[in-house]
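The values are calculated or read from the model by the stated rules, or taken from the named source; none is laboratory data. No experiment lies behind these values; they were computed from the predicted model shown. So basically every Cβ, Gly included, is an ideal-geometry build from the backbone, and we count neighbours across all protein chains shown.
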Amino acid sequence: MKTAFLTGITGQDGAYLAKFLLEKGYRVVGLVPRRSTLDRWRLEYLNIADEVEYMDGDILDLSSLTRGIKKSKPDEVYHLAAQSFVGSSWEQPILTAQSTGMGVLYALEAIRETDPNIKMYQASSSELYGLIQESRQSEETPFYPRSPYAVSKLFGYWMTKNYRESFQMYSCNGILFNHESPLRGLEFVTRKVTHAVARIATNLQKELRLGNIQAKRDWGFAGDYVEAMWLMLQQSKPDDFVIATGKTSTVEEMCKIAFDYVGLNYQDYVVIDPEFYRPAEVDILLGNPEKAKQELGWTPKTKLEQLIHMMVEADLQRVAKTP
Ligand code: NDP
Ligand code: GDP
């Protein structure tokens, strides 16, 4: 039986990945930081909260990370923990640099010190492309980060590559484009929209305030993307891969899909509010997942419409239970 050690197990990707690995027969150990209340709602939603082992630790505390890895003796580490919201990264730039950037180095160091043969997945991001240098972004496209979040991810990306080249560690970057699900945090635009649609449809809310609805994203389903993370660690040699759908849509188009699903016209409810504009915007992202298709045999399965419908449906059910 293989063991996987996950940081960020209580987050969106952590929950889907844990479920995926448990189904593959893995023992799954999750590093869980101390919070005033431990919130396992995502793991509970997927019915796996009791199938996972938890270890007390924080990615900003190298000793806890090293202890967790030493104790659990994993074959694979999936480093997912981070301050993951771009918007907050301007409000908490230093914390973001520490957790989203330095946290990666701590994970690499903990592995290097414990057993450099442990494989590591690093959750890199399409935000690295920022002010895009090519219309479709691939593994070869130069980076131009546009937020403290993206700059921090850039550090993590290069450290992951550097430890591979310096110490022959099996460390990989998954350059994942935006991926969403019913387990997405409410601050991200897709979930903000689907949650609002469910509340508006049930007369709990009157309007939805958004920022730049012309921004375009390549949105996929988190449940599809965690398979790619695992595949990256099953290859004969470590490498970096773009994971995307290869299609891009505006926030406005995504809103229309969500409101249409409940028979409402988005134009009657969406209000543009400058509060949600960003100091520097990433106007458009569009990934080229060809390398992942060729080398990993990975393709996305869920279309944007299906994804948004799934999210609205889940939010309608939640709102019916607890308005
Ligand atoms: P989430 O925000 O849902 O999850 C982040 C996780 O990190 C949570 O479990 C959180 O725990 C944990 N965490 C935060 N700070 C610490 C810390 N100091 N010590 C230990 N754990 C901590 O993010 P996602 O699941 O969506 O994303 C997973 C990773 O993938 C992140 O690194 C993200 O930046 C990256 N990524 C995500 C994309 C996406 O579209 N979802 C796209 C590309 C990259 P808690 O809630 O208790 O703070
Ligand atoms: P990101 O790509 O990681 O920043 O994911 P988000 O879901 O937070 O944002 C995606 C895009 O939606 C960005 O270009 C935002 O500027 C845009 N957007 C427009 N209105 C909003 C909003 O109200 N909230 C968020 N989070 N994003 C918004």
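Points to keep in mind about this one:
- Near pairs, Cβ below 6 angstrom, 6+ apart or cross-chain, from the stretch 172-193 (within 15 Å of Ala215 (Cβ to Cβ)) to any residue that is in a strand (DSSP E or B): Phe177/Gly287; Asn178/Arg217; Thr190/Glu180
- Of the helices (runs of 4 or more DSSP H) lying entirely inside the stretch 70-140, those containing at least 2 residues that are at pLDDT 95 or above and crowded, with 24+ Cβ neighbours inside 10 Å are 103-114.
- Considering residues of the stretch 252-272 that are among the β-branched types (Val, Ile, Thr) and under 18 Å from Gln306 (Cβ atoms) only, the residue nearest to the chain's Cα centre (by Cα): Ile257
- Positions within the stretch 190-224 being of a type in the set (Phe, Trp, Tyr) and within 14 Å of ligand 2 (Cβ to nearest atom), in sequence order: Trp219
- Which numbered condition Asn173 misses (of (1) closer than 30 Å to Asn265 by Cβ; (2) of a type outside the set (D, E, K, R); (3) assigned to a strand (DSSP E or B)): (1)
- Every condition in (1) free of Cβ contacts under 8 Å to residues at least 40 places away in the same chain; (2) touching a helix residue (DSSP H, G or I) at 6+ places or on another chain (Cβ under 8 Å) holds for Tyr121 except the one numbered (1).
- Residue ID - farthest from ligand 2 (Cβ to nearest atom), chosen from residues in the stretch 25-37 that are in a loop (DSSP other than H, G, I, E, B) and in contact (Cβ under 8 Å) with a residue 24 or more places away in the chain: Gly25
- Every residue from the stretch 210-265 that is assigned to a strand (DSSP E or B) and among the basic types (Lys, Arg): Lys216, Arg217
- The listed residues are Leu17, Leu6, Leu43, Leu31, and the only one of them that is over 27 Å from Asn117 (Cα atoms) and either at pLDDT below 95 or surrounded by 18 or more Cβ atoms within 10 Å (Cβ to Cβ) (or both) turns out to be Leu43.
- Pair list, Cβ < 6 Å and 6+ apart or interchain, from the stretch 280-297 residues that are in contact (Cβ under 8 Å) with a residue 12 or more places away in the chain to residues that are acidic (Asp, Glu): Leu285/Asp218; Leu286/Asp218; Gly287/Asp218; Lys291/Glu139
- Leading residue by the ranking (farthest from Leu183 (Cα to Cα)) among those in the stretch 1-22 that are small (Gly, Ala, Ser) and in a loop (DSSP other than H, G, I, E, B): Gly8
- Odd one out for Pro182, checked against (1) of a type outside the set (Lys, Arg); (2) within 16 Å of ligand 1 (Cβ to nearest atom); (3) in contact with a strand residue (DSSP E or B) (Cβ under 8 Å, 6 or more places away or on another chain): (3)
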